[in-house]
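Input: a single structure, listed below in structure tokens.
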Amino acid sequence: MTDPTPNARPLEPTQETGDARLDAIARLLAIVDRLRAPDGCPWDREQSVASMASSLTEEAFEAVEAIDQGDVDGTVEELGDLFMVVTLIARIAEQDGSFDMARIATEVGDKLVRRHPHVFGDPSSVSGAGDSDGVVANWERIKREERESKETDASALAGVPVALPALQRADRLGAKAISAGFKWNDARGAHAKLIEEVGELTAELDAEAPDAARIESELGDVLLAGALLGRYLKIDPERATRDAVRRFEARFRNMEASVGGSLADRTLDELVAAWHAAKSELETEAR
């Protein structure tokens, strides 16, 4: 979509700085400017900040997938696509007069300096900044102070987008709650909570008159408790779930191939046996 029209004038070279990073970014900015020019690409010129918003999540998820797969070339490509979307949004906004790339870069740069006083200030004046847990606690404290100064939501849980995938949002909220002091002593406490929630779900399933709404609520609590346990184990629940889904898909496809024909024609015992065989085969291949 983001290619100049065939008869458009060529891109004028940008002045090189000697820093490959800056030179590459300057070239990308020039390309996007050219695409948004009056004689640029019709598709790019039709876009708005709002119309490009969904591309942010799409490209971000594609980048995450490439990273999870250990695909270096794919990661570079997908991160490039994500960077392009940000650059295009910034150019559109600049033409609309609302903001630009300079403001984006300046504000995030200022934020990073402000939230890393142990790096850009006097380390001895910052308590608990000698390890990552202390750094996170100071980061959350500074963010909370920023929200208070702006008279926005000052809750310790503020700042986590509602639109995040549920497990990822649970993990981020859990991190904030832990940083605020609402935490178990160790992973065993979080694990015990997970077992407790599974017990409550079991009780609802075993009730004489199971209530669908209650079962849904208890299942949600189990998933939340599992995500919070991941925080204590330093395991990303979103990534762990993606990996589990990939394993399930691979095993299911292997089972389908080994059984042949319709699964509906097979007994449950046959399918379970084929499933375990597929699981064993794939685990052996992975070693």
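The values are calculated or read from the model by the stated rules, or taken from the named source; none is laboratory data. Note that this is a predicted model, so its numbers are computed, not measured. Cβ placement follows ideal geometry from the backbone for every residue including glycine, while neighbour counts extend to all protein chains displayed.
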Q.
Give me the helices (runs of 4 or more DSSP H) completely within the stretch 104-199, filtered to those with at least 2 residues that are assigned by TED's automatic domain parsing to the domain that holds residue 231 and either touching a helix residue (DSSP H, G or I) at 6+ places or on another chain (Cβ under 6 Å) or closer than 30 Å to residue 243 by Cβ (or both), ordered by residue number.
A. 166-179
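Counting just the residues of the stretch 21-49 that are in contact with a helix residue (DSSP H, G or I) (Cβ under 7 Å, 6 or more places away or on another chain) and either in contact (Cβ under 8 Å) with a residue 60 or more places away in the chain or of a type in the set (Val, Ile, Thr) (or both), which one comes out surrounded by the most Cβ atoms within 10 Å (Cβ to Cβ)? Talk me through it step by step, then tell me what you get.
We begin by selecting, within the stretch 21-49, every residue in contact with a helix residue (DSSP H, G or I) (Cβ under 7 Å, 6 or more places away or on another chain); these are 28-29, 32-33, 35-36, 40-41, 44, 47-49.
Now drop any that are not either in contact (Cβ under 8 Å) with a residue 60 or more places away in the chain or of a type in the set (Val, Ile, Thr) (or both), which leaves 29, 32, 49.
Working: 29: 15, 32: 23, 49: 14.
Step by step, filter the stretch 21-49, then rank; the result is 32.
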Q) Can you tell me which residues in the stretch 50-105 are of a type outside the set (A, V, I, L, M, F, W, C), touching a residue at least 24 places away in the same chain (Cβ under 8 Å) and buried (at least 16 other Cβ atoms within 10 Å of the Cβ)? A) 55, 59, 87, 91
Q) Regarding residue 70, is this residue at pLDDT below 95 and at positive phi? A) yes
Q.
Please pick out the residue among 176, 193 that is closer than 21 Å to residue 137 by Cβ and either without any contact (Cβ under 8 Å) to a residue 24 or more places away in the chain or surrounded by 13 or more Cβ atoms within 10 Å (Cβ to Cβ) (or both).
A. 176
(Q) Would you confirm whether or not the stretch 250-269 contains a residue that is surrounded by 15 or more Cβ atoms within 10 Å (Cβ to Cβ), under 27 Å from the mean Cα position of the chain (by Cα) and closer than 26 Å to residue 195 by Cα? (A) no
